[in-house]
Every structure is written in structure tokens, then in C-alpha cells.
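Every number in this text was worked out from the coordinates using simple rules, so none of it is lab data. The shown structure was predicted, so the numbers you read here are calculated from the model rather than taken from an experiment. Glycine gets a Cβ as well: all are built from the backbone with ideal geometry, and neighbour counts include every protein chain shown.
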Amino acid sequence: MLGKLLKYEIKATSRVFLPLYLVLIVFAVVNSFMNFNPDDFSTSQFITLTLYIFILVGMFVASFIVMIQRFYTNLLSEEGYLMFTLPVESWKHIVSKLITSVMWIVLSCLIALLSILIIASQGINLSEFFESLRMIWDTAYSYFGASLYHFIVQIIVGFIVAMVSGILLIYVSIAIGHLSNNHKKLLSIGAFIGIYIVGQIISAILFIGNDGYGLTYRITQQSPFPFALVWEAIGISAIFAVIYFIITNIILNRRLNLE
Amino acid sequence: MPWDLKADRPIYTQLIEQIELRIFSGEYPPGARLPSVRDMAQEASVNPNTMQRALAKLEEDGLVVTHRTSGRTITEDVEMIRNAKNKLAEQQISEFLEKMQLMGFEKRETLTLITKMLEEMKK
Amino acid sequence: MNAILECNNIKKSFGSKHALTGIDLKVERGRIVGLLGPNGSGKTTLIKLANALLVPTSGEILIDGKKPGVETKKVVSYLPEKTYLNNWMSIQQIIEFFSDFYSDFNSEKAYDMLKRLNLDPKEKLKNLSKGNKEKVQLILVMSREAQLYLLDEPIGGVDPAARDYILETIISNYNENATVIISTHLISDIEKILDDVVFIKDGGIILTSTVDNIRDEKGKSVDALFREVFKC
């Protein structure tokens, strides 16, 4: 069932993203033919570049909006009658939307990167480019040693956990907003801000400690890089994510009240 | 004969009456196969349970017979059908006669009226 | 076999609003039941409870002996009062959707009904008129071979010809293991297809009876009795 939900979720959202990606790449290609000279922008170059940036930003804004809209519209407005009568546990609804949102964000980043490369390719020699990448790697390796891989893994995991936590924070805020009869949106925004602040406070307490000698101090003694500290941060973020998930699930199971 | 069901009387009694009418008029001849309960219910736009109940009563009365493997048929007992038909006719007539009496008609007047109207009907 | 739907002193409140004040009900299989009451009497609340779209404040509701959840959703087919279809799919796509999630969904039946109603499967849901959307929803619900059908105001905003079609569909779908509960305030149209009626007022049941008993004992149609009982 989760697979089926994923299938439909992707179908429903790809109608927005695939055209956007296409347009972005097209504009990137167009821009790559513009032969930019930073000292001398013609008007048309300016326009095409601006449009490209507009679409690039728009793509990420769209990810954000679609994420909210899918959860709110598909689950908590009239479509909720369709979705919640399916013989599927509520948590699968949350997970299918979560996975799909993460997928689109990651894809958006990759496509953005690709588009930048396309634009940059006009002025850069590809082999030079990869050569400089190698140099960066070697420098980094000489600093980190073998723990470079650890670092990279940590960045990727950290990125994903932060994303998941952020998305679930949005979901739980929308779910909390649903509890109100008349002020759903207001309550959602309030919940979002409130939970975010509480999260930050808890994190601060854990990391800085009430005497200044919290985790941060104790762990920055490590070199070359405070891996453990970052893992702690990722861990705390993950715990928050789990809490948001559980609360969202409870609300959907016990406090659902469709119009 | 279309199904004519009134709103203020139980449906199943009306169904019984209307099926009887169809039997007496020959629309459902003796020995004929009846459609399935569901088809009959659909035709009459009624609940299949109600149609089932009506047919069960008719079975009790002997007008309808259920065969284990081949569904329901009208009885082949022509005698019984004729008796039931006559009985219904007598009921209708006695109701009618009672009403005529209440209105103040004498028996002879009633007969004259009936004969006259029957004549006109033939034309 | 146990009753398909059982309510034991079900109460549901929304804050200070008491939608259901203690419902005791047992509905057997193979019946077509009318849940009759004015707007706001609690019919929709009761139906949503049966669908696990709401959770009781107290009391117990059982479908086929089980609490509402994933297992009961598999055997319950629900037609809400509103249109709940998304707007980007075509009719064909929503049929595939139902077919995917409900193992008791009969696509052939659905396409048959679509044809009879002159609806084009390729049509997008968002382009359909309200009446046609409601017909599609009805087709989706009746194409499931469920054990309990919950129809909330199925003939409400629909023209008389469509009403007849809907009633016809309900009858022809009938099987002795399935139960249909129809909630409505338009009684004269559906009276003759109902086995039983339940009158609900202000969140409580005030009468349960078979249609024939009402006509027998009170000598009037259910519609007439309803008007009497619920006189303003």
C-alpha cells in the first residue's frame, strides 16, 4: 500500500515539477549561448539571466508550496474523504508524502546544479573543471585524512535529516492547525513558530549547557573536526523529527475532523 | 401491467395483490416461470427483501411453487387459480354491493346499473 | 453471522456541541436501511464514525464485529455528501486508483455504468459538471463489492431521472450479505426500496421500524410519518 501511495503522490506532483525542470534546463541552455562577459551585459543577456534566476528560485519555492499544499489539500480538505477511507494506515500517508517531498527537493538541487553547470560550460573547459575538482578533493583529503569519507557521509546524512525534520515540522504544524475550527491557518503558523523556537531552545540548552560547558565545549576538543558533535546535532534533529511524526500521526488518527 | 404501488399501505401486501392480478389475468400463465426475485424487484422498483416476502406468502397460499433447481413457477393447478380468482372477485363485489347499499340503492337498481354499464363497456 | 454494524451507546461531542447523545443500533446484513432525520440531526456524524473519519467520544462502534480501522475500511464503501474527487485525474485514472487500493473493486461494472450514463472515461474530473461528478462518485462506490455501503444523501442534488437511476443501481446491486445504509431527508423517493428505517433527531434515535410495519400499523407512508414526527 505504501508503494501505491507513493506512486500516486509522485504522479500528482510530477505534473508541477517536470515542466519546471524542463523550463529551467531550457533557460540554462539558452543562457549558455549568451557568452556572458561580466563587464558588459547587453539587455537581452540581462533578461535571460534574470529569467533563469527567477525560475531557479521559483523551483525551490514551488517545492515548498507543493509540499504544504499536498499535505493540506490532499489530506485535510475534501480530498481527505477519498484518502482517509482508503484501507491504509495514517502513518503511510505521512510517509508517502514525506518521501516524495524529499525526493523532489533532492532532485531540484541536482537539476539546479546541472543547470548551473550548463550555463558555466560556455566559459569553462570541462577538463579544467574536473581538474580543479580533483585539486579540491586532494586538499581536503590532506586535511581530513581518511575521515574525509566520514565527513561527506555526515554532510549527506545531516542534510537529509534536516530536510526530513523540517518537512515533518511543517506537517505537524498543519496538523495542529487542523485542530482548530475557525483559525486553522493562524494556528498552523503559530504552531510552526512555537515548535521551532522550543526546538531551538532545547538544542541550545543541550549544546551550550547552563554553565557554558555543554556538549559543544566538551566535544570541540576533538580534531580535526568535531564529528561527534555533529552526530549529536543530527541525532537531536532526528529525535525532533520522530516526535513531530508521532504527533502528526496521533492527530490524524484520533482528531481528524473533515469538513 | 405496470406496477402501481401506493405510499400508505405496506408494500408487500400490494405486491401480493398485484402478482395475483397478473396470475388471474393470465399475464403469468399457469406453470410459467417467474423471473428472479432480483429482476422482479428491479421491475417494481422495490427492495428485493420485500419482493421475496411477497413471493413467500404466495407460495404459502399455493399460487406460486418453488422448484429446488429451477426457481419459481406459477402453480399448474388451474382449479386453484380459478378458485382464488373467484374468491377475489367475490370480495370485490361484496365490498361494492355494501357501498351501493350504503348509498341507498335497491338491489334491482344496482343490477340495472351494472347491466347498463357492462353493455356500454362492450362497445 | 454477526450484525454488520453495531453501535453501543455511541456519543460524539465537538467541544460543547453534542452531535450524538447515545446511539444504540444494530443493523443486520442484507438490509437496505434508511437513516432519516433533518439536517443537523447527527446522520453524517454517525456515518463518519462508521468510516473511522471520526473517533467516538465514548461508546463503541463495530463493523462486522471489528473497531473501525484499516480492516473495516476494506469492506465499507462510502459515498460522502460532498464531491471529494481530486481535479487532475481523468475518470479512467480514478477508476484505476480505486482498483489499485480496493481489492473488491469491479472495474468492468464501473465502465458499464459509465457507458450507460454517457460519461467519457477520458474526461478530466475537473471538467465535469457537479451532477456528473456525483454520478462518478456513485459509480465508484457501487462498483465495489463491499459488505456495507454508506450513502450520505445520494439523491440530494440530483434530477429525478438520475434519482431513479441511483435507486435502480442500489436495488440491482443488492446481495443478501451486504447492507446499504442511506442517509437522507428526501424520503418519498426512496421509501419503497427500504427495508428498515431509523429516525434520528438531535443526536438520538427516536424510532426504528420496518417500512411495512409503519405502513401497516400507522396506515401512512414513512414520508407522512416523518413529516408528523419532525414537524417544525
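Within the stretch C:39-148, which helices (runs of 4 or more DSSP H) (wholly inside it) include 2 or more residues that are under 17 Å from the mean Cα position of the chain (by Cα)?
Values: elements: C:43-50, C:70-73, C:91-101, C:107-116, C:130-142.
Output list reads C:43-50, C:70-73, C:130-142.
When the residues of the stretch C:143-164 are narrowed to those that are more than 15 Å from C:LYS133 (Cβ to Cβ) and surrounded by fewer than 20 Cβ atoms within 10 Å (Cβ to Cβ), which ends up nearest to the other protein chains (Cβ to nearest Cβ)?
C:ASP164
Would you confirm, using the coordinates I've provided, whether B:ILE16 is part of a helix (DSSP H, G or I), more than 26 Å from C:ASP164 (Cα to Cα) and touching a Leu at 6+ places or on another chain (Cβ under 7 Å)?
No.
When the stretch B:36-52 is examined, which residues are found to be under 18 Å from C:ARG163 (Cβ atoms), in a loop (DSSP other than H, G, I, E, B) and either in contact with an Asp or Glu (Cβ under 8 Å, 6 or more places away or on another chain) or more than 7 Å from chain C (Cβ to nearest Cβ) (or both)?
B:SER45, B:ASN47
Being within 15 Å of B:ASN49 (Cβ to Cβ) and in contact (Cβ under 8 Å) with a residue 60 or more places away in the chain is the filter here, so list the residues in the stretch C:190-210 that pass it.
First pass over the stretch C:190-210, keeping only residues within 15 Å of B:ASN49 (Cβ to Cβ): C:190-197, C:209-210.
Listed by number, the residues that qualify are C:ILE190, C:GLU191, C:ILE193, C:LEU194, C:ASP195, C:ASP196, C:VAL197.
Every residue in the stretch C:165-183 that is facing chain B (nearest Cβ under 9 Å) and touching a Pro at 6+ places or on another chain (Cβ under 7 Å), please.
Listed by number, the residues that qualify are C:ILE171, C:TYR174.
For the stretch C:193-202, name all the residues that are out of contact with any Pro (no Cβ under 8 Å at 6 or more places or on another chain) and either acidic (Asp, Glu) or surrounded by fewer than 23 Cβ atoms within 10 Å (Cβ to Cβ) (or both).
C:ASP195, C:ASP196, C:VAL198, C:PHE199, C:ASP202
Considering only residues that are assigned to a helix (DSSP H, G or I), farther than 18 Å from C:THR72 by Cβ, facing chain C (nearest Cβ under 8 Å) and touching a residue at least 24 places away in the same chain (Cβ under 8 Å), which ones fall in the stretch A:72-104?
Within the stretch A:72-104, A:ASN74 is the sole residue that qualifies.
Filter the stretch A:164-201 for residues that are aliphatic (A, V, I, L, M) and without any contact (Cβ under 8 Å) to a residue 24 or more places away in the chain; which is farthest from A:LEU98 (Cα to Cα)?
So in the stretch A:164-201, the residues aliphatic (A, V, I, L, M) come out as A:164, A:167-170, A:172, A:174-176, A:179, A:186-187, A:189, A:191, A:193, A:195, A:197-198, A:201.
Next, only the ones that are without any contact (Cβ under 8 Å) to a residue 24 or more places away in the chain stay: A:186-187, A:189, A:191, A:193, A:197-198, A:201.
On the way: A:LEU186: 23, A:LEU187: 22, A:ILE189: 19, A:ALA191: 19, A:ILE193: 20, A:ILE197: 22, A:VAL198: 23, A:ILE201: 25 Å.
Filtering first and then ranking leaves A:ILE201.
Could you run through the stretch C:184-213 and say how many residues are among the basic types (Lys, Arg) and either within 14 Å of another protein chain (Cβ to nearest Cβ) or assigned to a helix (DSSP H, G or I) (or both)?
1
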